[in-house]
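Student: Dropping the structure in here first, questions after.
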Amino acid sequence: MSFFVLFALIFAPAAFTYDFNGDFSRLYNPSICVENSVTNNPNLIDAKWLYTVKYSYTDSPIKVMNNSKLDVSSLCTSRNYEDFVRLYVSQNKKDCGCIGTVITTKNANDYKNCTSMFGTIEITNISDASSFTALANLKNITGNITIHNTGFQNLSFLTNLRSIVGDEPEGVATLNIVDNPNMTRFSIESLKTLYHVKDWFYMNIQNVHPEFCLTMEEMQFFTSINTKFTNLQAVYCNITTRKDNQKTCYFGSMSTLDNSCVHVIGRVFVGPGDESYIGKFSTIQYIYGSLTIQNTTLSSLSFLANLTNVALLNDTGPAIQLLNNPSLSDIYLENMAFPFSAGPNRFVIRNNDPNIFEDTYACQNYQNQVRSAVLYNGGDCSMMLLPNEDNGEEEVDEASTRAEKSTYRPKAFVVLPSLVLITLLCF
């Protein structure tokens, strides 16, 4: 018998009534090992340590299940609940949260007291959202949610939903909104966290009303995290006022663009003669449209130091293009992350100073910094093509895949103040 410290939580199905407070001998049972679980303990009545977990970003879920004397009814409303990433609670004496299922008009009221749900949730074949106000208390979902074939105009009935944590296979939408022909708005204003434990958080918004729109704040949220859309059939809402009162401007030209804009809507174009206006970018953080810098004498993008994101909707063109700027050698973007476009190439760099990237490593490092694949002189970073050379679409798609796979994702672990988490390897 041997064991190693692996930062995983293990309980064996022994009679267990002791709040161990660091007494590791009470964790040991040679009969069985169950990774990251508190399961099948018929005499367990005290699990106070669950309420002290500070961080639990694990590759495996934490399961509190089948403990016939254990009351964890208050866990889902505890102060540390959001520190759990993948937590499943069921079949204890008293559980917290509810198990996901198909929710209909007939059973929606059964979930009126649920603050958390675990597992797959499906909402379908509903014409009226009025009965779904019963879900107003729902704050956290661990699992995937599909909303399809409804008459909903928006999802405002999820008025308190704060987080969705997915663990579906790669490419499967954790939040799937499809075939809702009357839906014109998203409208979950309370949403703060979208997270997938191993991959991008995939979303799908497809076959909704032709006028379905996202607000600036909604798109700002989606592009601030590792969200990837299978489909996003949306335009920007025609709303220029923001709850935070930050200044929003429409783009016509660099010469007419107002000073002190924080948010800019439109296709921002910086061309020959616009170099004298670049000071207007000093306050700009978000562009809801695209950014093209072409045929200028600029040598540096330092004027874009505050630019955080560029997101293009209802178009498959690039979100950012740096084209034909022969002196442009410094393209460092200090705060840029996850530029968005539905097309295959979000960020295009072509025919600028040939020494922008010293080598393949520098190009790939730049991709990691901006959290996006870069189409550089017609190819991916590994090709390091010279100006005016070209590569086919197949290489472009491969470039996107490589950059997305290399995007930094934090590793996960569990920390308990009074417990070293161990995995017993049974032989």
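Student: Against the condition among the hydroxyl-bearing types (Ser, Thr, Tyr) and in contact with a strand residue (DSSP E or B) (Cβ under 6 Å, 6 or more places away or on another chain), how does Ser300 come out, does it pass? Steps first, please.
Tutor: Values: among the hydroxyl-bearing types (Ser, Thr, Tyr): yes; in contact with a strand residue (DSSP E or B) (Cβ under 6 Å, 6 or more places away or on another chain): yes.
Here the answer is yes, as Ser300 does meet what is asked.
Student: Condition first: closer than 16 Å to Ala129 by Cα and charged (D, E, K, R). Now tell me which residues in the range 148-199 satisfy that.
Tutor: Residues satisfying the conditions are Asp179, Arg185.
Student: List the pairs whose first member sits in the range 138-154 and is in the same structural domain as Thr184 (by TED's automatic domain parsing), whose second member is assigned to a loop (DSSP other than H, G, I, E, B) and basic (Lys, Arg), and whose Cβ atoms are under 8 Å apart, counting only residues at least 6 apart or on separate chains?
Tutor: Lys139/Arg162; Asn140/Arg162; Thr142/Arg86
Student: With the range 192-298 as the region, which strands (runs of 3 or more DSSP E) entirely inside it contain at least 2 residues that are in contact (Cβ under 8 Å) with a residue 60 or more places away in the chain and crowded, with 20+ Cβ neighbours inside 10 Å? So that I can check it myself, show each step before the final result.
Tutor: Numbers: elements: 193-196, 201-208, 227-232, 248-250, 263-270, 286-294.
Of the strands (runs of 3 or more DSSP E) lying wholly inside the range 192-298, those with at least 2 residues that are in contact (Cβ under 8 Å) with a residue 60 or more places away in the chain and crowded, with 20+ Cβ neighbours inside 10 Å span 227-232, 286-294.
Student: Restricting attention to the range 167-184, does a residue exist that is on the phi > 0 side of the Ramachandran plot, modelled with pLDDT of 95 or more and of a type in the set (Gly, Ala, Ser)?
Tutor: Here is the first cut: in the range 167-184, the ones on the phi > 0 side of the Ramachandran plot are 171, 179.
Cutting the leftovers down to modelled with pLDDT of 95 or more gives us 179.
With the extra rule that they be of a type in the set (Gly, Ala, Ser), the set shrinks to none.
No: the range 167-184 contains no residue that is on the phi > 0 side of the Ramachandran plot, modelled with pLDDT of 95 or more and of a type in the set (Gly, Ala, Ser).
Student: Let me ask something additional. On the basis of being touching a His at 6+ places or on another chain (Cβ under 9 Å), among the polar types (S, T, N, Q), within 16 Å of Asn144 (Cβ to Cβ) and free of Cβ contacts under 8 Å to residues at least 40 places away in the same chain, does Thr174 make the cut? Full working, then the answer.
Tutor: Values: touching a His at 6+ places or on another chain (Cβ under 9 Å): yes; among the polar types (S, T, N, Q): yes; within 16 Å of Asn144 (Cβ to Cβ): yes; free of Cβ contacts under 8 Å to residues at least 40 places away in the same chain: yes.
Yes; evaluated as a whole, the condition is true for this residue.
Student: What is the residue count in the range 116-164 for residues that are more than 24 Å from His196 (Cβ to Cβ) and of a type in the set (A, V, I, L, M)?
Tutor: 4
Student: For the structure I just gave you, tell me whether Asp167 is surrounded by fewer than 22 Cβ atoms within 10 Å (Cβ to Cβ), out of contact with any strand residue (DSSP E or B) (no Cβ under 9 Å at 6 or more places or on another chain) and in the same structural domain as Phe221 (by TED's automatic domain parsing). Explain how you work it out, then say what you get.
Tutor: Numbers: surrounded by fewer than 22 Cβ atoms within 10 Å (Cβ to Cβ): yes; out of contact with any strand residue (DSSP E or B) (no Cβ under 9 Å at 6 or more places or on another chain): no; in the same structural domain as Phe221 (by TED's automatic domain parsing): yes.
It is false that Asp167 is surrounded by fewer than 22 Cβ atoms within 10 Å (Cβ to Cβ), out of contact with any strand residue (DSSP E or B) (no Cβ under 9 Å at 6 or more places or on another chain) and in the same structural domain as Phe221 (by TED's automatic domain parsing).
Student: Sort out which residues of the range 112-148 are within 19 Å of Asn176 (Cβ to Cβ) and either among the acidic types (Asp, Glu) or part of a helix (DSSP H, G or I) (or both), and write them in order of number.
Tutor: From the range 112-148, those within 19 Å of Asn176 (Cβ to Cβ) are 117-126, 129, 132, 135, 138, 140-148; that's our starting set.
Correct list: Glu122, Phe132, Leu135.
Student: Quick one: how many residues across the range 105-152 are farther than 21 Å from Met203 by Cα and among the small types (Gly, Ala, Ser)?
Tutor: So the answer is 7.
Student: Is there a residue in the range 317-326 that is hydrophobic (A, V, I, L, M, F, W, C), more than 30 Å from Ser276 (Cβ to Cβ), crowded, with 16+ Cβ neighbours inside 10 Å and under 25 Å from the mean Cα position of the chain (by Cα)? Give the derivation first.
Tutor: Step one: of the range 317-326, the residues hydrophobic (A, V, I, L, M, F, W, C) are 319-320, 322-323.
Restricting the remaining residues to those that are more than 30 Å from Ser276 (Cβ to Cβ) gives none.
No, every residue in the range 317-326 fails to be hydrophobic (A, V, I, L, M, F, W, C), more than 30 Å from Ser276 (Cβ to Cβ), crowded, with 16+ Cβ neighbours inside 10 Å and under 25 Å from the mean Cα position of the chain (by Cα).
Student: Give Met203, Met254 a once-over and let me know the one that is closer than 30 Å to Phe269 by Cβ and either basic (Lys, Arg) or outside the structural domain of Gly143 (by TED's automatic domain parsing) (or both). Please lay out each step first, then the result.
Tutor: On the way: Met203 fails: either basic (Lys, Arg) or outside the structural domain of Gly143 (by TED's automatic domain parsing) (or both).
The unique qualifying residue is Met254.
Student: For a quick check of your reading of the model, give me the residue pairs whose first member lies in the range 333-353 and is touching a residue at least 60 places away in the same chain (Cβ under 8 Å), whose second is part of a loop (DSSP other than H, G, I, E, B) and not aliphatic (A, V, I, L, M), with beta-carbon atoms closer than 6 Å and at least 6 apart or on different chains.
Tutor: Going by the 6 Å Cβ cut-off, the qualifying pairs are Ala337/Arg371; Phe338/Thr223; Phe338/Arg371; Pro339/Arg346; Pro339/Ser372; Phe340/Thr223; Ala342/Thr316.
The values are calculated or read from the model by the stated rules, or taken from the named source; none is laboratory data. This structure is a prediction, so every number in the text was calculated from the model and none was measured. Cβ sites come from the backbone with ideal geometry, for glycine too, and all protein chains shown count toward neighbours.
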